[in-house]
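Okay, structure first, notes after.
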Amino acid sequence: SLLEQLTDAIYFTSIDGHFLEFNRATVLLLGYSYEELKNLKVENTYANPEDRDNFKKIIAEDNEVVDYELKLKKKDGELIDCLITSAVRHDAKGIPVGYQGIIRDITFRKKAEALQRAKDLAEQANKFKAEFLANMSHEIRTPINAIVGMVHLLHQTPLSDKQTEYLAAIDTSAVSLLQLINDILDFSKVESGRVELERLPFCLRESIGDALKARGVEVVLTREP
(Lines give C-alpha, C1' and ligand atoms only; values in the text may rest on other atoms or scores of the structure.)
Protein backbone atom coordinates (compact mmCIF):
# COMPACT_ATOMS: atom_id res chain seq x y z
CA SER A 1 0.00 0.00 0.00
CA LEU A 2 2.86 2.37 0.86
CA LEU A 3 4.69 1.64 -2.42
CA GLU A 4 1.52 2.27 -4.41
CA GLN A 5 1.17 5.72 -2.87
CA LEU A 6 4.69 6.85 -3.72
CA THR A 7 5.09 9.22 -6.67
CA ASP A 8 8.52 7.81 -7.60
CA ALA A 9 8.67 4.63 -9.65
CA ILE A 10 9.78 1.61 -7.57
CA TYR A 11 10.77 -1.54 -9.45
CA PHE A 12 12.38 -4.96 -9.14
CA THR A 13 13.81 -6.63 -12.24
CA SER A 14 15.43 -9.96 -12.94
CA ILE A 15 19.09 -10.36 -13.78
CA ASP A 16 18.22 -10.79 -17.46
CA GLY A 17 16.25 -7.50 -17.42
CA HIS A 18 12.53 -8.35 -17.05
CA PHE A 19 10.16 -6.37 -14.83
CA LEU A 20 9.05 -8.58 -11.93
CA GLU A 21 7.53 -6.15 -9.46
CA PHE A 22 6.69 -2.45 -9.71
CA ASN A 23 4.32 0.10 -8.27
CA ARG A 24 1.61 2.21 -9.90
CA ALA A 25 4.03 5.14 -10.41
CA THR A 26 6.14 2.95 -12.73
CA VAL A 27 3.08 2.24 -14.86
CA LEU A 28 2.21 5.93 -15.05
CA LEU A 29 5.80 6.94 -15.77
CA LEU A 30 6.37 4.58 -18.70
CA GLY A 31 2.80 4.55 -20.04
CA TYR A 32 2.45 0.77 -20.22
CA SER A 33 -0.20 -1.36 -18.57
CA TYR A 34 0.68 -3.82 -15.78
CA GLU A 35 0.43 -6.73 -18.21
CA GLU A 36 2.62 -4.99 -20.82
CA LEU A 37 5.34 -4.20 -18.28
CA LYS A 38 5.35 -7.81 -17.10
CA ASN A 39 6.30 -8.87 -20.63
CA LEU A 40 8.65 -5.95 -21.36
CA LYS A 41 12.41 -6.03 -21.12
CA VAL A 42 14.01 -3.13 -19.31
CA GLU A 43 16.37 -2.38 -22.19
CA ASN A 44 13.36 -1.51 -24.37
CA THR A 45 12.67 1.49 -22.13
CA TYR A 46 16.14 2.99 -22.64
CA ALA A 47 16.38 5.76 -25.23
CA ASN A 48 20.13 5.07 -25.68
CA PRO A 49 21.26 1.41 -25.56
CA GLU A 50 24.74 2.46 -24.39
CA ASP A 51 23.17 3.83 -21.19
CA ARG A 52 21.97 0.33 -20.34
CA ASP A 53 25.42 -1.14 -20.92
CA ASN A 54 27.05 1.54 -18.77
CA PHE A 55 24.43 1.04 -16.04
CA LYS A 56 25.11 -2.70 -15.89
CA LYS A 57 28.87 -2.09 -15.81
CA ILE A 58 28.65 0.31 -12.86
CA ILE A 59 26.27 -1.83 -10.84
CA ALA A 60 28.43 -4.92 -11.46
CA GLU A 61 31.46 -3.12 -10.03
CA ASP A 62 29.83 -1.25 -7.12
CA ASN A 63 26.65 -3.29 -6.47
CA GLU A 64 24.72 -0.04 -6.71
CA VAL A 65 24.07 3.00 -8.87
CA VAL A 66 23.17 6.35 -7.32
CA ASP A 67 21.40 9.13 -9.25
CA TYR A 68 22.33 7.74 -12.65
CA GLU A 69 20.97 10.23 -15.19
CA LEU A 70 19.58 8.92 -18.47
CA LYS A 71 16.70 9.22 -20.91
CA LEU A 72 13.90 6.67 -20.88
CA LYS A 73 11.42 6.05 -23.66
CA LYS A 74 7.71 5.81 -22.88
CA LYS A 75 5.28 3.57 -24.75
CA ASP A 76 4.20 6.47 -26.99
CA GLY A 77 7.82 7.25 -27.90
CA GLU A 78 8.15 10.32 -25.67
CA LEU A 79 11.59 10.70 -24.12
CA ILE A 80 11.86 11.65 -20.45
CA ASP A 81 14.86 12.60 -18.32
CA CYS A 82 15.21 10.39 -15.26
CA LEU A 83 17.46 9.68 -12.29
CA ILE A 84 17.86 6.02 -11.32
CA THR A 85 19.13 4.77 -7.99
CA SER A 86 19.45 1.00 -8.01
CA ALA A 87 21.13 -1.85 -6.17
CA VAL A 88 21.66 -5.57 -6.61
CA ARG A 89 19.02 -7.69 -4.88
CA HIS A 90 20.14 -10.99 -3.28
CA ASP A 91 18.23 -14.00 -2.08
CA ALA A 92 18.55 -15.56 1.37
CA LYS A 93 21.74 -17.35 0.28
CA GLY A 94 23.36 -14.12 -0.95
CA ILE A 95 22.97 -14.99 -4.62
CA PRO A 96 22.11 -12.02 -6.91
CA VAL A 97 18.57 -12.44 -8.23
CA GLY A 98 17.92 -9.03 -9.77
CA TYR A 99 17.98 -5.28 -9.40
CA GLN A 100 15.75 -3.07 -7.28
CA GLY A 101 15.59 0.68 -7.47
CA ILE A 102 13.83 4.00 -7.82
CA ILE A 103 13.20 6.02 -10.98
CA ARG A 104 12.63 9.75 -10.55
CA ASP A 105 11.28 11.83 -13.43
CA ILE A 106 13.33 15.05 -13.71
CA THR A 107 12.03 16.17 -17.11
CA PHE A 108 10.44 19.34 -15.77
CA ARG A 109 13.54 20.13 -13.73
CA LYS A 110 15.75 19.73 -16.80
CA LYS A 111 13.47 22.02 -18.81
CA ALA A 112 13.56 24.58 -16.01
CA GLU A 113 17.36 24.39 -15.92
CA ALA A 114 17.49 24.84 -19.71
CA LEU A 115 15.21 27.88 -19.47
CA GLN A 116 17.37 29.33 -16.70
CA ARG A 117 20.51 28.81 -18.80
CA ALA A 118 18.82 30.49 -21.76
CA LYS A 119 17.76 33.36 -19.49
CA ASP A 120 21.30 33.73 -18.14
CA LEU A 121 22.73 33.74 -21.67
CA ALA A 122 20.20 36.34 -22.78
CA GLU A 123 21.03 38.57 -19.81
CA GLN A 124 24.74 38.17 -20.51
CA ALA A 125 24.18 39.02 -24.17
CA ASN A 126 22.23 42.13 -23.17
CA LYS A 127 25.06 43.14 -20.85
CA PHE A 128 27.63 42.74 -23.63
CA LYS A 129 25.35 44.65 -26.00
CA ALA A 130 25.02 47.55 -23.58
CA GLU A 131 28.80 47.63 -23.02
CA PHE A 132 29.42 47.54 -26.77
CA LEU A 133 26.98 50.39 -27.41
CA ALA A 134 28.51 52.46 -24.64
CA ASN A 135 32.04 51.93 -25.96
CA MET A 136 30.97 52.61 -29.53
CA SER A 137 29.17 55.78 -28.47
CA HIS A 138 32.29 57.12 -26.76
CA GLU A 139 34.37 56.35 -29.84
CA ILE A 140 31.91 58.10 -32.16
CA ARG A 141 31.72 61.14 -29.91
CA THR A 142 35.38 62.05 -30.60
CA PRO A 143 35.09 62.61 -34.39
CA ILE A 144 31.70 64.29 -33.98
CA ASN A 145 33.19 66.76 -31.51
CA ALA A 146 35.95 67.43 -34.07
CA ILE A 147 33.34 68.17 -36.73
CA VAL A 148 31.50 70.56 -34.40
CA GLY A 149 34.80 72.29 -33.58
CA MET A 150 35.74 72.69 -37.25
CA VAL A 151 32.30 74.08 -38.05
CA HIS A 152 32.72 76.61 -35.24
CA LEU A 153 36.09 77.68 -36.66
CA LEU A 154 34.68 77.97 -40.18
CA HIS A 155 31.94 80.27 -38.92
CA GLN A 156 34.71 82.70 -37.91
CA THR A 157 36.05 82.92 -41.49
CA PRO A 158 34.64 84.98 -44.38
CA LEU A 159 31.75 83.01 -45.89
CA SER A 160 29.10 83.55 -48.50
CA ASP A 161 25.44 83.34 -47.51
CA LYS A 162 25.14 79.90 -49.12
CA GLN A 163 28.23 78.60 -47.29
CA THR A 164 26.84 79.93 -44.00
CA GLU A 165 23.59 78.10 -44.68
CA TYR A 166 25.41 74.87 -45.43
CA LEU A 167 27.53 75.17 -42.28
CA ALA A 168 24.39 75.76 -40.23
CA ALA A 169 22.93 72.52 -41.62
CA ILE A 170 26.14 70.64 -40.75
CA ASP A 171 26.11 72.13 -37.27
CA THR A 172 22.48 71.15 -36.72
CA SER A 173 23.09 67.61 -37.95
CA ALA A 174 26.18 67.21 -35.74
CA VAL A 175 24.28 68.42 -32.67
CA SER A 176 21.43 65.99 -33.49
CA LEU A 177 23.91 63.15 -33.86
CA LEU A 178 25.47 63.98 -30.51
CA GLN A 179 22.02 63.84 -28.96
CA LEU A 180 21.45 60.40 -30.48
CA ILE A 181 24.77 59.26 -29.04
CA ASN A 182 23.72 60.52 -25.62
CA ASP A 183 20.51 58.54 -25.98
CA ILE A 184 22.54 55.40 -26.72
CA LEU A 185 24.60 56.05 -23.58
CA ASP A 186 21.30 56.11 -21.66
CA PHE A 187 20.44 52.66 -23.00
CA SER A 188 21.15 51.03 -19.66
CA LYS A 189 18.71 53.40 -17.99
CA VAL A 190 16.01 52.45 -20.46
CA GLU A 191 16.52 48.73 -19.77
CA SER A 192 16.42 49.23 -16.02
CA GLY A 193 13.33 51.42 -16.22
CA ARG A 194 15.09 54.50 -14.80
CA VAL A 195 14.85 56.71 -17.89
CA GLU A 196 13.53 60.19 -17.13
CA LEU A 197 11.63 62.34 -19.62
CA GLU A 198 12.04 66.12 -19.71
CA ARG A 199 9.47 68.77 -20.58
CA LEU A 200 11.27 71.40 -22.67
CA PRO A 201 9.83 74.15 -24.89
CA PHE A 202 10.66 74.05 -28.60
CA CYS A 203 9.58 75.68 -31.82
CA LEU A 204 7.90 73.17 -34.13
CA ARG A 205 8.46 75.34 -37.21
CA GLU A 206 12.19 75.62 -36.53
CA SER A 207 12.53 71.89 -35.77
CA ILE A 208 10.85 70.97 -39.07
CA GLY A 209 12.98 73.54 -40.88
CA ASP A 210 16.21 72.17 -39.40
CA ALA A 211 15.23 68.61 -40.36
CA LEU A 212 14.55 69.67 -43.96
CA LYS A 213 17.77 71.69 -44.21
CA ALA A 214 19.77 68.68 -43.08
CA ARG A 215 18.36 66.86 -46.11
CA GLY A 216 19.31 69.65 -48.54
CA VAL A 217 15.80 71.08 -48.88
CA GLU A 218 15.55 74.85 -49.35
CA VAL A 219 13.50 76.29 -46.51
CA VAL A 220 12.30 79.83 -46.03
CA LEU A 221 10.70 80.46 -42.64
CA THR A 222 8.25 83.29 -42.45
CA ARG A 223 6.53 84.77 -39.48
CA GLU A 224 3.06 83.55 -38.72
CA PRO A 225 0.35 86.16 -39.45
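The values are calculated or read from the model by the stated rules, or taken from the named source; none is laboratory data. Because the structure is predicted, anything quoted here is derived from the model rather than measured. We place every Cβ from the backbone using ideal geometry, glycine too, and count neighbours over all the protein chains shown. Surface areas here come from the heavy atoms of the whole protein model, side chains and all, with no ligands, DNA or RNA. Shrake-Rupley method; radii C 1.70, N 1.55, O 1.52, S 1.80 Å.
For Lys127, the solvent-accessible surface with a 1.4 Å probe is about 120 Å², rounded to the nearest 10.
Positive end of the dipole of the chain (Cβ unit charges, origin at the Cα centre): among Ser86, Tyr46, His138, the Cα lying farthest that way belongs to His138.
Under Stokes-Einstein, with the Kirkwood radius over Cα pairs as Rh, the value for region 120-182 at 25 °C and 0.890 mPa s is 180 µm²/s. Ordering Ile58, Ser176, Ile95 by the projection of their Cα atoms onto the charge dipole of the chain, which places +1 on the Cβ of Lys and Arg and -1 on the Cβ of Asp and Glu, puts Ser176 at the extreme positive end.
With respect to the chain, whose longest principal axis is taken over its alpha-carbon atoms, helix 204-214 is tilted by about 90°.
Looking at region 122-211, which GluC sites (Glu not before Pro) are DSSP coil and have at most 14 other C-beta atoms within 10 Å of their C-beta? Please report the intermediate quantities before stating the final value.
Numbers: sites: Glu123, Glu131, Glu139, Glu165, Glu191, Glu196, Glu198, Glu206; in loops: Glu196, Glu198.
Loop-located and lightly packed - Glu196, Glu198.
Each of Ser33, Ser176, Ser86 has its accessible area taken with a 1.4 Å probe; listed largest first, they run Ser176, Ser33, Ser86.
What does the charge dipole of the chain about its Cα centre add up to, to the nearest 20 debye, if the Cβ of each Lys and Arg holds +1 and the Cβ of each Asp and Glu holds -1?
Taking the Cα centre of the chain as origin, the dipole is about 200 debye.
Classified by the C-alpha gyration tensor, region 91-131 has a prolate form. Its axis ratio a/c, with a ≥ b ≥ c, is 1.5 or above, and a/b is larger than b/c. The heavy atoms of Ser14 offer some 20 square angstrom of accessible surface to a 1.4 angstrom probe. When the accessible area of the chain is split by element with a 1.4 Å probe, what percent falls to carbon and sulfur? About 57 percent, which is the carbon plus sulfur part of the accessible surface. At the residue level, Leu153 shows approximately 90 square angstrom of accessible surface with a 1.4 angstrom probe and all protein chains present. Stick to Cα atoms and the Kirkwood definition of Rh, then tell me Rg/Rh for the chain. The Rg/Rh ratio comes out at 1.47.
Per-residue ellipticity at 222 nm for the chain, helices alone: DSSP H runs ≥ 4 residues times -39500 (n - 2.57), over residue total, nearest 500 deg cm²/dmol? Helix-only estimate at 222 nm: -17500 deg cm²/dmol.
Multiplying the residue separation of Ala134 and Glu36 by 0.36 nm and subtracting their alpha-carbon distance yields 29.0 nm.
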